[in-house]
1. Which whole-angstrom value gives the distance between the alpha carbon centres of the range 151-174 and the range 65-108?
2. Going down the table (27/47; 72/137; 35/141; 27/72; 47/72), which pairs top 25 Å between alpha carbons?
3. Using the Cα centre as the reference, give the magnitude of the dipole from point charges on the C-beta atoms of the chain (Lys, Arg: +1; Asp, Glu: -1; all else neutral), rounded to the nearest 20 debye.
4. With a ≥ b ≥ c taken as the square roots of the eigenvalues of the C-alpha gyration tensor of the range 97-136, please select rounded if a/c is under 1.5 and otherwise prolate if a/b is larger than b/c or oblate if it is not?
5. Accessible area per residue of the chain at 1.4 Å probe, in Å²?
6. Probe radius 1.4 Å, ligands and nucleic acids ignored: give me the carbon and sulfur share of the accessible area of the chain as a rounded percent.
7. Could you grab the Rg to Rh ratio for the chain? Cα atoms only, Kirkwood for Rh.
8. Which trypsin sites (Lys or Arg not before Pro) from the range 101-174 combine a DSSP loop assignment with at most 10 other Cβ atoms within 10 Å?
Amino acid sequence: ITGAPGNVARARTAMEERMQQLEGEQKDRELRSFKLEVEVEPKYHPKIIGRRGAVISKIRDSHQVNIQFPEKGSENENIITITGYEESTRAAEQDIRDIVSELEDQVSVDVAIDHRVHSRLIGSRGRAIRQIMTDYKVDIKFPTREAADPDVVTVTGAEDNVYECQDHLLNLAE
């Protein structure tokens, strides 16, 4: 640095302050780049992500972390990677594990309902079936067109809710 002595001193202190700031930012980046891998069955990924990414976005925002899901068909498709500060990644991991344990406690029941009444149960734009799913706190899956048995509807949720919903669906179908 060359120039008037007062200017040189100010420039030197400004450069030292900037170097300390850059070193602090570098340390912060290193702390923020902590990676944690969580092993979760791929069948639970859609529930962790949620409708239009709502559940995973909430976890990302509340813990200020980045969460990467593996691509379908990759060799590590059951590994979810969480990146951020260590304590934040651990908290996000716990949130994900809570969701998975809740999903593992659920039961699924197949209900035989004539495929000709499925559209009536679903209702206009799915409103009727969404209302039933909300009322009973269950998830209802209808068979695809290529399904072996087009009459089997799967109800998933807490055990009591599933059986109550099953009775309700059978009464509606009747």
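The values are calculated or read from the model by the stated rules, or taken from the named source; none is laboratory data. This one's a predicted model, so the numbers in the text were calculated from it and none came from an experiment. Neighbour counts are summed over all protein chains in view; Cβ atoms, including those assigned to glycine, are modelled from backbone coordinates with ideal geometry. When the accessible area is computed, the model is the full protein with side chains, heavy atoms only, and any ligands, DNA or RNA have been set aside. Shrake-Rupley method; radii C 1.70, N 1.55, O 1.52, S 1.80 Å.
1. The distance from the Cα centre of the range 151-174 to that of the range 65-108 comes to 29 Å.
2. Values: 27/47 35 Å; 72/137 28 Å; 35/141 35 Å; 27/72 35 Å; 47/72 15 Å.
Table pairs above 25 Å Cα-Cα are 27/47; 72/137; 35/141; 27/72.
3. Charge dipole of the chain: 1160 debye, to the nearest 20.
4. Numbers: a/c = 3.77, a/b = 1.83, b/c = 2.05.
Oblate shape, in that a/c is at least 1.5 and b/c is the bigger or equal ratio.
5. That works out to 71 Å² for each residue.
6. Details: 5790 of 12410 Å².
That fraction is 47 percent.
7. Checking Rg against Rh, the ratio lands at 1.30.
8. Qualifying residues, ordered by number: 145.
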